[in-house]
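The values are calculated or read from the model by the stated rules, or taken from the named source; none is laboratory data. Model, not experiment: these values are computed from the prediction. FYI the Cβ positions are ideal-geometry reconstructions off the backbone, even for glycines, and counts take in every protein chain you see.
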Amino acid sequence: MLRVFGFDRIGVLFSDLYFADPSQGEEGPELGVRLEVRFLERLALRGSAFSARPIAVDEPIWRADLLETEASPGSLNHAHHHSHFEGWEPGDRSFVEDMSTDPVAWVAKRLGDLDGLLDEAGVSRRQVGPTDADELRAAVPTIATELRRMLDRVWSGELAQRPSGGDEFRATAPTIATELRRMLDRAWGGKLAQRPKSASLTTIRAGWL
């Protein structure tokens, strides 16, 4: 299961994860939830002005792995984060006690400080959009709620049963409705869906979709 929250030039994505690698040694497989902050890119249309827009989920900036060993459910004994990436490859694991004791609150705090997160990642503030920090900060409560729900389902074993796509969609409908209402209110309030200042009198299409 994948959750995606898109902003101006960055997005927050998280997914359940089961990871097994023989090089891990005796501790065995890890499972839990992986969250990443990544660059987003609007790609050129591949059809008419009315066609669906291709969107690229591009290079990672930061990663939080809320993981535990398969033999220790609910322990988050392998919870860590990667403060930076070299291209697509993560840097070293950084272990923080709060990630095991209160993982959702810890992640929410980090996402609420995008400038600090970018500094640690070695990413210039000019590489992200002018509204990314504010938009991300406003969405942190919703992200935290969905992150907690995914963790709870991992711990209960529900995700391991691979529910049908229809069940997943229905379960997420209330969250989608809340975010849709928030976006509509901002569009009606003049904060979104605005004509670009540099737009000519020709066809204008300003937006992710």
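Quick grid of which residues meet (1) charged (D, E, K, R); (2) assigned to a loop (DSSP other than H, G, I, E, B); (3) more than 18 Å from the chain's Cα centre (by Cα):
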position	(1), (2), (3)
13	no, no, no
17	no, no, no
33	no, no, no
37	no, no, no
41	yes, no, no
44	no, yes, yes
50	no, yes, yes
53	yes, yes, yes
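Filter the range 186-196 down to residues that are basic (Lys, Arg) and at pLDDT 70 or above and give me whichever is surrounded by the fewest Cβ atoms within 10 Å (Cβ to Cβ). Give the derivation first.
Applying the first criterion (basic (Lys, Arg)) to the range 186-196 yields 186, 191, 195.
This time we only want the ones that are at pLDDT 70 or above, so: 186, 191.
Values: 186: 14, 191: 11.
This residue is 191.
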Note on the range 29-52: residues surrounded by 13 or more Cβ atoms within 10 Å (Cβ to Cβ) and farther than 28 Å from residue 145 by Cβ are 45
Yes or no: residue 67 of a type outside the set (Val, Ile, Thr), part of a strand (DSSP E or B), farther than 23 Å from residue 6 by Cβ and out of contact with any Lys or Arg (no Cβ under 8 Å at 6 or more places or on another chain)?
no
Scan the range 55-74 for residues that are within 22 Å of residue 113 (Cα to Cα) and either more than 18 Å from the chain's Cα centre (by Cα) or free of Cβ contacts under 8 Å to residues at least 40 places away in the same chain (or both) and jot them down.
58, 59, 60, 63
Given the condition surrounded by 13 or more Cβ atoms within 10 Å (Cβ to Cβ) and under 12 Å from residue 11 (Cα atoms), answer yes or no: does some residue in the range 98-110 qualify?
no
Lone unmet requirement of (1) in a strand (DSSP E or B); (2) at pLDDT below 95 for residue 100
(1)
Counting only residues that are free of Cβ contacts under 8 Å to residues at least 24 places away in the same chain and among the polar types (S, T, N, Q), how many does the range 75-100 have?
2
If residue 11 passes every condition in (1) under 19 Å from residue 154 (Cα atoms); (2) of a type outside the set (A, V, I, L, M); (3) surrounded by 15 or more Cβ atoms within 10 Å (Cβ to Cβ) but one, which one does it miss?
(1)
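Test residue 76 against the criterion of being under 20 Å from residue 146 (Cβ atoms) and either touching a Ser or Thr at 6+ places or on another chain (Cβ under 6 Å) or modelled with pLDDT under 90 (or both), and give yes or no. Even if it seems obvious, please write down each step before you answer.
Numbers: under 20 Å from residue 146 (Cβ atoms): yes; either touching a Ser or Thr at 6+ places or on another chain (Cβ under 6 Å) or modelled with pLDDT under 90 (or both): yes.
Against the criterion (under 20 Å from residue 146 (Cβ atoms) and either touching a Ser or Thr at 6+ places or on another chain (Cβ under 6 Å) or modelled with pLDDT under 90 (or both)), residue 76 qualifies.
So that you can scan it fast, the table gives a plain yes or no per residue for (1) surrounded by fewer than 10 Cβ atoms within 10 Å (Cβ to Cβ); (2) at pLDDT 75 or above; (3) in contact with a Ser or Thr (Cβ under 7 Å, 6 or more places away or on another chain):
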position	(1), (2), (3)
148	no, yes, no
154	no, yes, no
169	no, no, no
184	no, no, no
198	yes, no, no
Between a residue in the range 134-154 that is under 16 Å from residue 32 (Cα atoms) and any residue that is among the charged types (D, E, K, R) and not in a helix (DSSP H, G or I), which pairs come within a Cβ distance under 6 Å, given they are 6 or more apart or on different chains?
146/3; 154/16
